[in-house]
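The values are calculated or read from the model by the stated rules, or taken from the named source; none is laboratory data. If you're wondering where the values come from, they're calculated on a predicted model, not measured in any experiment. Cβ placement follows ideal geometry from the backbone for every residue including glycine, while neighbour counts extend to all protein chains displayed.
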Amino acid sequence: MDLRVIGARAKEAASYLNNLGVNEKNEGLRQAAKALIDGEEDILTANQEDVIRAAQNGMSPALIDRLELTPDRLEAMADGLLKIAELQTRSAKYFP
């Protein structure tokens, strides 16, 4: 896919997301967290393919470490999304 197409789609998505309310955004964050946990096996399998390709293409070990996902890293990502949703819920009480 062309980077210009990706950029245009991202811009459209950003515009759409800016118009959502706090509840809708939080639900999206919760669903994204659930998708990370539910899709763990597929995500880790695809990531290992990426890590192998990166090593074959000469990527530095430090960058490969940053690229590589583990169950703990996926769980931390999901937890981070849930924490953001909680923060937004709390802040909405004070800044509607």
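Of all residues in the range 5-38, those that are loosely packed, with under 13 Cβ neighbours inside 10 Å and of a type in the set (A, V, I, L, M, F, W, C) total 8. So how many residues does the range 1-30 have that are over 23 Å from K83 (Cβ atoms) and either part of a loop (DSSP other than H, G, I, E, B) or hydroxyl-bearing (S, T, Y) (or both)? Here the count works out to 5. Within the range 34-42, none of the residues are part of a helix (DSSP H, G or I) and in contact (Cβ under 8 Å) with a residue 60 or more places away in the chain. Among residues that are closer than 18 Å to A78 by Cα, of a type in the set (S, T, N, Q) and in contact (Cβ under 8 Å) with a residue 40 or more places away in the chain, N47 is not included.
Scanning the range 43-53 for residues that are farther than 13 Å from P71 by Cβ and under 20 Å from the mean Cα position of the chain (by Cα), which turns out surrounded by the fewest Cβ atoms within 10 Å (Cβ to Cβ)? Checking each candidate, the answer is E49. Here E75, E86 are screened, and the one residue that is closer than 30 Å to E24 by Cβ, among the charged types (D, E, K, R), surrounded by 10 or more Cβ atoms within 10 Å (Cβ to Cβ) and modelled with pLDDT under 95 is E86.
For the range 50-73, a residue qualifies if it is touching a residue at least 12 places away in the same chain (Cβ under 8 Å) and not in a loop (DSSP other than H, G, I, E, B), and the qualifying residues are D50, V51, A54, I64, L67, P71. Apart from one condition, I64 fits all of (1) modelled with pLDDT of 95 or more; (2) more than 17 Å from the chain's Cα centre (by Cα); (3) exposed (fewer than 13 other Cβ atoms within 10 Å of the Cβ); the exception is (3).
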